[in-house]
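The values are calculated or read from the model by the stated rules, or taken from the named source; none is laboratory data. Everything numeric in this text was worked out from a predicted model, so none of it was measured. Positions of Cβ are backbone-derived with ideal geometry, glycine not excepted, and every protein chain shown enters the neighbour counts.
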Amino acid sequence: MLLPDIPICPMCTLRKPVVESHLIPSCLYDHTYEGDDGPMRIGDGVIIPGGREVKAPLFCLDCEDILNSGGEAWVGPKLGWVGRFPLFDMARKCSGYFTEDGVQGLYYAASNPEIDVEKLTHFALGIFWRAGVHSWKKNKDEPMIDLGEFGEPIRLWLRGEAPFPKNVALHISLSRPELAQIVHGFPGEVLGHTRGPFRLYWLHLLGVLFTLSVGEGLTDIEGELCFYQNPAHPFTVADNVSLEIKKKYLGEFMEARQTQAYLNYKEERNKKRS
């Protein structure tokens with residue numbers, strides 16, 4: 001539904017009618033349903049049960065289509081679901097270097113044409129960029145993350161108007177299905193990482209951890225492991241990443257302002273079922 005005001009769309013920078021845009025693609029919310037249990041959103045000091053989607057009137061229809069066709073439509077069905085993880089199944093067909101369990105290790109997406117590197121990269125950078133141009137919170141103006149001077153070259157790449165930005169590196173790590181956290185996170189700057197020569201951001205979605213490094217001081221290893229720029233398109237499968245994500249979510253869950261209310265809600269619902 002078109003909104004009456006005609007603001008400037010931050011993606012094409014033209015004054016055009018805008019629609020309700022999502023930070024996390026709306027198609028991903030279906031992944032977290034199991035029976036009557038709806039999706040859980042964890043972060044920013046709260047947990048929120050139910051299907052409340054994070055959205056705002058922001059982009060024009062043309063730019064929404066760029067984000068959808070550029071990566072969301074392809075990636076969405078392949079992230080982790082309750083009981084299945086299609087992207088992991090595709091990853092296991094890739095060549096690489098593995099530990100003794102034959103699963104954890106470094107994989108090369110270039111060895112499996114089923115994996116669309118362009119769309120997976122567009123999907124991830126699209127969400128990081130959206131977090132860098134809007135707060136996605138009521139009564140707040142500051143963007144969710146600060147991409148600084150790198151926001152503009154990322155925008156141009158997303159629109160197909162410029163090559164992949166210099167001094168930007170995307171890294172991807174998958175969880176094994178049995179350890180995958182089937183919840184939504186939000187883009188954020190990595191705490192404890194001294195900005196120094198580059199900044200580090202992270203985003204966890206449905207069993208996949210995306211990290212984005214930006215800055216002129218990127219190390220050689222950061223560049224070599226960039227999922228997009230390295231011709232082999234490397235990514236990892238690592239249990240330690242899964243466990244760290246679980247630890248983070250558990251910590252935020254217990255500290256969240258709405259934790260007790262949510263636990264009471266679950267308790268009352270279980271009583272009604274019994």
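The criterion of at least 2 residues that are modelled with pLDDT of 85 or more and in contact with a helix residue (DSSP H, G or I) (Cβ under 6 Å, 6 or more places away or on another chain) is met by none of the strands (runs of 3 or more DSSP E) wholly inside the range 1-90.
The residues in the range 166-185 that are more than 19 Å from the chain's Cα centre (by Cα) and either aromatic (Phe, Trp, Tyr) or under 20 Å from Trp202 (Cβ atoms) (or both) can be counted, and the count is 1.
Among the conditions (1) part of a helix (DSSP H, G or I); (2) among the aromatic types (Phe, Trp, Tyr); (3) at pLDDT 85 or above, the only one that Phe253 does not satisfy is (3). Checking the range 155-172 against the condition returns no match, with no residue being buried (at least 20 other Cβ atoms within 10 Å of the Cβ), modelled with pLDDT under 95 and either aliphatic (A, V, I, L, M) or at positive phi (or both). If the condition is being acidic (Asp, Glu) and surrounded by 17 or more Cβ atoms within 10 Å (Cβ to Cβ), then the range 212-244 contributes only Glu222. Kindly list the number of the only condition in (1) touching a residue at least 40 places away in the same chain (Cβ under 8 Å); (2) part of a helix (DSSP H, G or I) that fails for Val103. Against the list (1) touching a residue at least 40 places away in the same chain (Cβ under 8 Å); (2) part of a helix (DSSP H, G or I), Val103 comes up short only on (2).
If you go through the range 62-117 and keep only what is surrounded by 14 or more Cβ atoms within 10 Å (Cβ to Cβ) and of a type in the set (Asp, Glu), you end up with Glu64, Glu72, Asp116.
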